[in-house]
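So the structure is just underneath, and the comments pick up after that.
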């Protein structure tokens, strides 16, 4: 009898960072399954950049809305935020974390 691996449920997290108000980015949305799909659809329609990384999404989905990201995620989130500030309007709408960290987003 073959065993089919259980597919990962789609997860999504939304962050907000205002340097003059917060010491670290805050979680403003978390979703799983259909809620995650709706979050991604809304982000796409609103032209909000989407970064796909299952491990990061899993880490962020363990937090509660309103939480600041933990210190162990500062570096990766800083990479993502720096990347987003460099995006131009002609960029593609979805990126992987590997593309961001390796600088393959230009």
- With 23, 59 as the choices, which residue is out of contact with any strand residue (DSSP E or B) (no Cβ under 6 Å at 6 or more places or on another chain) and under 21 Å from residue 99 (Cα atoms)? 59
- How many residues are over 15 Å from residue 14 (Cβ atoms) and at pLDDT 90 or above when one looks only at region 63-90? 6
- Task: Specify the residue that is farthest from residue 71 (Cα to Cα); the eligible residues are those in region 30-60 that are touching a helix residue (DSSP H, G or I) at 6+ places or on another chain (Cβ under 7 Å) and not in a loop (DSSP other than H, G, I, E, B).
- Result: 32
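The values are calculated or read from the model by the stated rules, or taken from the named source; none is laboratory data. Computed from a predicted structure; not experimentally measured. Reconstructed Cβ throughout: ideal geometry from the backbone, glycine too, with neighbour counts over all protein chains shown.
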